[in-house]
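Reviewing the structure listed below.
The values are calculated or read from the model by the stated rules, or taken from the named source; none is laboratory data. Since we're looking at a predicted model, the values are computed, not measured. When we count neighbours, we look across all protein chains shown, and the Cβ atoms used for this are built from the backbone with ideal geometry, even at glycine.
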Amino acid sequence: MSTPQRPNTERVPTTSAVGYHQLHADASLNYQMNRFSTGTPDMIAEMRQVAPKIRDYADYTREFLGLADRALQQGEALKGAYYLRSAEFYMLPDDPRKPSARREFVRLMRVCFGITNDVHHTVPYERAVLPSYRLTHPAAQGTIVLFGGFDSYIEELFPLQVYLRDAGCDVITFEGPGQGTVLEDGHLPLTPDWDRPVRAVLDHFRLDDVTLVGYSLGGCLALRAAAREPRVRRVVADDIFTDLVDASLRQVPPVARATLVGLLTLGAARLVDDFVERAMQRSLAIAWGVRQGMHVTGTHTPYQYFRAAQRYRTQDISPLVEQDVLLLAAAEDHYVPLHQFHDQIRWLTRARSLTARLFTRQEQAQNHVHVGNVGLSLQVMADWITERQRRDSRTAAHAPRGEDAGAGPGLL
């Protein structure tokens with residue numbers, strides 16, 4: 001793994017170029033290529049060149065490590081960082097290359113986005129700490145607390161964090177249990193009780209009025225946290241992710257899916273393990289997904305993983321959410337079924353206000369968390385947050401002391 005030989009003086013983009021590219025026949029591999037990319041023509045061309053050599057995850061890792069090495073030798077630090085993260089994504093937890101690849105990705109992203117030690121914080125939490133970055137705006141209108149989902153690192157959020165900071169907000173990002181450093185170094189598995197890490201962050205920064213933004217599975221976690229933490233006044237779920245098991249089994253044929261769900265309901269651990277292990281032998285995607293799922297959730301068998309995954313849902317807590325809510329979803333998300341978008345709208349019966357936006361192929365934002373046109377989703381998000389914060393400021397200025405004259409719930 002090389003370090004840059006000369007600095008790259010180009011301005012680091014806060015959003016990728018518009019366009020979702022067909023680079024590989026496998027939908028998941030193709031998505032990750034688009035995800036960890038600036039979307040610039042040179043990067044797309046380089047990935048297109050190596051794509052025919054990729055037949056499995058070992059091929060993928062080898063080719064992207066090679067792309068990372070070449071980019072860094074040429075002083076292209078951001079490209080090198082994304083290529084490195086792309087390679088690391090498909091390394092199993094026991095791959096000896098994984099820790100150094102992760103650390104180098106983190107270091108490069110901090111260099112590329114000018115992130116200095118003074119904006120890096122550690123939030124005490126149980127037997128570990130939650131790493132956090134706080135970027136401030138000189139005339140901030142409010143505070144956003146932002147986090148990722150099932151398999152993201154906090155440093156991936158730098159482009160989003162910078163964009164939202166420049167839009168006029170203080171922005172705090174953090175990794176919670178099951179994510180990034182908290183998982184890999186602190187060994188804390190994912191928790192559905194996301195109000196607990198959110199509460200630790202709000203306490204640490206002494207915040208009492210925030211907009212909570214969760215990406216990917218973070219959309220589920222954000223709603224679960226908002227239901228139990230009143231200092232969250234506005235919540236953005238991007239993507240919806242109302243049910244992790246439903247999403248995890250989306251690519252499984254209907255008969256097999258029904259069989260597995262039935263076995264889980266019966267508590268047939270041995271039969272579930274045998275069923276899933278046979279599926280893992282037939283599918284690289286299932287094999288990787290289940291192993292990664294066990295790593296993230298701190299479980300040791302497929303049955304334990306799917307039982308843990310059953311806790312990541314929103315139907316039970318949605319009626320408790322009373323904040324302003326923005327739901328963002330993608331019309332052709334290959335991870336999250338579209339019905340989850342409509343389910344979540346239906347379940348938010350007590351939200352102060354509800355805005356829902358479905359992004360489409362015509363906008364190049366039809367994929368999971370809008371890879372292909374992230375800038376559009378960020379613009380929608382920033383406009384919504386600004387509008388709600390201004391409304392709350394006007395309400396506070398005109399309300400009699402002790403009175404909270406809020407808007408009623410509804411779909412906007």
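Descriptive notes on the structure:
Here's the yes/no breakdown for (1) touching a strand residue (DSSP E or B) at 6+ places or on another chain (Cβ under 9 Å); (2) of a type outside the set (D, E, K, R); (3) at positive phi:
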site	(1), (2), (3)
Thr116	no, yes, no
Asp151	no, no, no
Leu157	yes, yes, no
Pro177	yes, yes, no
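- First in segment 291-312 and under 17 Å from Thr191 (Cβ atoms), second anywhere and among the small types (Gly, Ala, Ser) and part of a loop (DSSP other than H, G, I, E, B), Cβ under 6 Å, 6 or more apart: Val296/Gly178
- Single unsatisfied condition, Leu263 versus (1) among the aliphatic types (A, V, I, L, M); (2) part of a helix (DSSP H, G or I); (3) under 27 Å from Gly148 (Cα atoms): (3)
- The set of residues from segment 308-353 being more than 21 Å from Leu146 (Cβ to Cβ) and either of a type in the set (Lys, Arg) or in a strand (DSSP E or B) (or both) comprises Arg311, Arg313, Arg346, Arg350.
- Ala268 being crowded, with 17+ Cβ neighbours inside 10 Å, of a type in the set (A, V, I, L, M, F, W, C) and at negative phi: no
- From the options Ala329, Ala356, Ala365, Ala351, residue that is closer than 15 Å to Gly218 by Cα and among the hydrophobic types (A, V, I, L, M, F, W, C): Ala329
- Note on segment 27-61: among residues that are surrounded by fewer than 15 Cβ atoms within 10 Å (Cβ to Cβ) and basic (Lys, Arg), the one that is farthest from Gly289 (Cα to Cα) is Arg48.
- Single residue of Arg206, Arg199, Arg257, Arg278 found to be surrounded by fewer than 22 Cβ atoms within 10 Å (Cβ to Cβ), under 23 Å from His121 (Cβ atoms) and without any contact (Cβ under 8 Å) to a residue 12 or more places away in the chain: Arg206
- Hits in segment 82-121 - residues which are part of a loop (DSSP other than H, G, I, E, B), among the hydroxyl-bearing types (Ser, Thr, Tyr) and surrounded by 13 or more Cβ atoms within 10 Å (Cβ to Cβ): Tyr90
- On inspection, Val371 qualifies as crowded, with 20+ Cβ neighbours inside 10 Å, within 30 Å of Arg35 (Cα to Cα) and modelled with pLDDT of 95 or more.
- Number of positions in segment 178-197 that are acidic (Asp, Glu) and part of a helix (DSSP H, G or I): 2
- Total residues in segment 128-177, condition assigned to a loop (DSSP other than H, G, I, E, B), among the aliphatic types (A, V, I, L, M) and crowded, with 23+ Cβ neighbours inside 10 Å: 0
- Segment 36-53 residues that are in the same structural domain as Ala87 (by TED's automatic domain parsing), paired with ones that are β-branched (Val, Ile, Thr) and outside any loop (DSSP other than H, G, I, E, B) (beta carbon under 8 Å, 6 or more apart): Ser37/Ile44
- Qualifying residue in segment 390-400 (condition: at pLDDT below 95 and in contact with a helix residue (DSSP H, G or I) (Cβ under 9 Å, 6 or more places away or on another chain)): no
- Pick from segment 354-368, criterion touching a residue at least 24 places away in the same chain (Cβ under 8 Å) and part of a helix (DSSP H, G or I), ranking: surrounded by the most Cβ atoms within 10 Å (Cβ to Cβ): His368
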